[in-house]
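Visitor: Okay, here's the structure, questions in a sec.
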Amino acid sequence: MDSDNASLKSARIAVATVSPHSLRGEGREHSPESRAGFKLYKRRWIGLVAVTLLNVVSGMSLVWFGPIANNVVDEFGFSIDEVNWLSNVVNATFIPFSVITPHLYARIGMRRSCYVGAVLFVVSAWVRYAGTANSLSRQGAYALILLGQLIAGIAQPVFQVLVPNYSEKWFDLKTRITATMIMSLGNPVGNAIGQLISPLVGTPSESILIMGIIFTAVTPLILLVGNAPPTPPTHSGSSSPTFSSFVRAFLGKEARSSSAYTTLRQRIDFVIITVVFGVLVAVINVFSVLSAQIMEPYGLMGAVLLLAGLVAAAATAPIFDRVLSHHLALSTKFLCPVIGAGWLSLIWAVKTDDTAGLFAIMAMIGAASLTLLPVALELAVEVTKNADASSAILWCSSNVFALIFTLSEGALRAGGAATPPYNMRRALVFQGCWVCAAVALVMLVQGRQTRREADERAAAAVRGSLGASGAP
């Protein structure tokens, strides 16, 4: 309760700096919260669109080579495992740089961090394309394409990790989940678009050129991303907790009076959320990469999963903001069993001439998974009160598990003598078991939403202060 009192006290101090006249201005939206000393700015939506599109493009590199794996083998002479490593290297690079990214935000701000990401975007695009030169040996071509993918893996966390923090800095309690949903789905949308475009634009060399053009064309959007508004939309939006404060809180080293303090129960919840998020996101990413091999000739099933989920997520995010905003943990306990049932059923559903059944299962998994994605990101911030650190660790976890799953499922591929040859039924069993274990684990989450509670108390306190002073 000491940390709650500290939040309340800082909110009361904040209102003293806000006069009634300062609540008027261009580009601002007026609401009960704005009259209570918190403000919304219309330009937040411009930044949201920019961050979303940057995440769309960053998501393409992971899956681009999956649907054209066999064509890449034919054109460049790579092995199928080497093609898989063009995706694995993105996951592997993401892991350390996702932890570094919060420090980058703290040191140079979100906007300048996006500048860094944009430069890496352009470099990765054209290093990758340089690997398609006919004069290169097989090893030289692979080295350059792999290097381009590695650089793309460094850029990806710059845009992906900032999503919850951007929502916290620019959006209020009634739109924060929707904002997180829109931006966080940028990466899965990029996965879906990458899977659809890469096999449709010609040879693998031409496909890599198209990706380079897309990466370059999107970079000017970084100019639309702002660090933070002059006046925050909520109490939590006014603070910028560091990654080191999260580490101290997680180790129990923060004083109870500190706003960064977390209870043992909250730390346990975060560990569970991290594991479950990592497994469920990794399974989708790995399935997207290996879909052409798992479901040949129905390799576009991964795109079906992602595109079906977008509709469900867009429909449910406003409901979470307005109706289920206080029940994020309960929502995860409802959605996770649906996801588990879907992945488990694939063990028996992947067979010849069962296209309709596969479409139905993919749609069910996609709808539940992408609805859960922004909910899980927001719930992690709720229990840690640290948007950058929680987002970085969750996405790091997903990439750790994705790397493990990709290598494991590749090793579980059947041999040429199997029926059908090189089938991946054992990989389906592997991923089904992992998902079911994660689903069981999520039932232990308590998920008290301490950040929302602090924001609501702060807003009420500030409104009370303004009422007592006679402000309109």
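Visitor: Could you grab the pairs with beta carbons closer than 7 Å, sequence gap of 6+ or different chains, first residue in segment 51-69 and open to solvent by 10 Å² or more (accessible area, probe 1.4 Å), second one outside any helix (DSSP H, G or I)?
Guide: Every condition considered, the pairs that remain are 67/198; 67/199; 67/299.
Visitor: Just a yes or no: is a residue in segment 286-308 at pLDDT 80 or above, more than 21 Å from the chain's Cα centre (by Cα) and over 20 Å from residue 447 (Cα atoms)?
Guide: no
Visitor: On the basis of being farther than 30 Å from residue 169 by Cβ and in contact with a Gly (Cβ under 9 Å, 6 or more places away or on another chain), does residue 362 make the cut?
Guide: The answer is yes for residue 362.
Visitor: Taking segment 338-380 only, how many residues are β-branched (Val, Ile, Thr) and over 30 Å from residue 451 (Cβ atoms)?
Guide: Counting residues in segment 338-380 that are β-branched (Val, Ile, Thr) and over 30 Å from residue 451 (Cβ atoms) gives 5.
Visitor: Is it the case that residue 156 is under 18 Å from residue 103 (Cα atoms) and either in contact with a Phe, Trp or Tyr (Cβ under 9 Å, 6 or more places away or on another chain) or surrounded by fewer than 22 Cβ atoms within 10 Å (Cβ to Cβ) (or both)?
Guide: So residue 156 fits the description; yes.
Visitor: Report the residue count in segment 70-115 for those that are over 30 Å from residue 381 (Cα atoms) and open to solvent by 20 Å² or more (accessible area, probe 1.4 Å).
Guide: 12
Visitor: Which condition does residue 190 not pass, out of (1) under 19 Å from residue 394 (Cβ atoms); (2) over 20 Å from the mean Cα position of the chain (by Cα); (3) crowded, with 24+ Cβ neighbours inside 10 Å, if it passes all the others?
Guide: (2)
Visitor: Taking the condition of being at pLDDT below 75 and either open to solvent by 60 Å² or more (accessible area, probe 1.4 Å) or within 21 Å of residue 164 (Cβ to Cβ) (or both), how many residues in segment 457-469 meet it?
Guide: 5
Visitor: Please tell me if residue 338 is open to solvent by 40 Å² or more (accessible area, probe 1.4 Å) and farther than 19 Å from residue 438 by Cβ.
Guide: In short, no.
Visitor: Looking only at segment 156-187, count every residue that is assigned to a helix (DSSP H, G or I), under 14 Å from residue 394 (Cβ atoms) and either of a type in the set (Val, Ile, Thr) or free of Cβ contacts under 8 Å to residues at least 40 places away in the same chain (or both) and tell me the total.
Guide: Counting residues in segment 156-187 that are assigned to a helix (DSSP H, G or I), under 14 Å from residue 394 (Cβ atoms) and either of a type in the set (Val, Ile, Thr) or free of Cβ contacts under 8 Å to residues at least 40 places away in the same chain (or both) gives 2.
Visitor: May I ask you to list pairs of residues, at least six apart or on different chains, whose Cβ atoms are under 7 Å apart, with the first in segment 193-215 being in a loop (DSSP other than H, G, I, E, B) and the second being open to solvent by 10 Å² or more (accessible area, probe 1.4 Å) and not hydrophobic (A, V, I, L, M, F, W, C)?
Guide: 198/67; 199/67; 203/75
Visitor: Being among the hydrophobic types (A, V, I, L, M, F, W, C) and surrounded by 14 or more Cβ atoms within 10 Å (Cβ to Cβ) is the filter; apply it to segment 248-270 and report the residue that is nearest to residue 451 (Cα to Cα).
Guide: Of everything passing the filter in segment 248-270, 260 is nearest to residue 451 (Cα to Cα).
Visitor: Filter segment 359-391 down to the residues that are farther than 23 Å from residue 176 by Cβ and either in contact with a Lys or Arg (Cβ under 9 Å, 6 or more places away or on another chain) or buried (at least 24 other Cβ atoms within 10 Å of the Cβ) (or both) and list them by number.
Guide: 362, 365, 366
Visitor: Only one residue in 80, 145 is over 22 Å from residue 394 (Cβ atoms), among the β-branched types (Val, Ile, Thr) and at pLDDT 90 or above, so which one is that?
Guide: 145
Visitor: Residue 416 is checked against (1) in a loop (DSSP other than H, G, I, E, B); (2) within 18 Å of residue 346 (Cβ to Cβ) and fails just one. What number does that condition carry?
Guide: Only one criterion is unmet by residue 416, namely (2).
Visitor: Further question on the same structure: Six or more apart or on different chains, Cβ under 6 Å: which pairs go from a residue in segment 333-348 that's more than 26 Å from residue 446 (Cβ to Cβ) to one that's surrounded by fewer than 16 Cβ atoms within 10 Å (Cβ to Cβ)? Could you list them?
Guide: 347/429
Visitor: Enumerate the pairs (first residue in segment 108-133 and free of Cβ contacts under 8 Å to residues at least 40 places away in the same chain; second residue anywhere and buried (at least 20 other Cβ atoms within 10 Å of the Cβ)) with beta-carbon separation below 6 Å, excluding pairs fewer than 6 apart on the same chain, so at least 6 apart or on different chains.
Guide: Correct list of pairs: 120/151; 120/154; 120/155; 123/151; 127/148.
The values are calculated or read from the model by the stated rules, or taken from the named source; none is laboratory data. Just so it is clear, the model here is predicted, and its values are computed rather than measured. Neighbour counts are summed over all protein chains in view; Cβ atoms, including those assigned to glycine, are modelled from backbone coordinates with ideal geometry. These area figures cover heavy atoms from the full protein model, side chains too; ligands, DNA and RNA do not enter into them. Shrake-Rupley method; radii C 1.70, N 1.55, O 1.52, S 1.80 Å.
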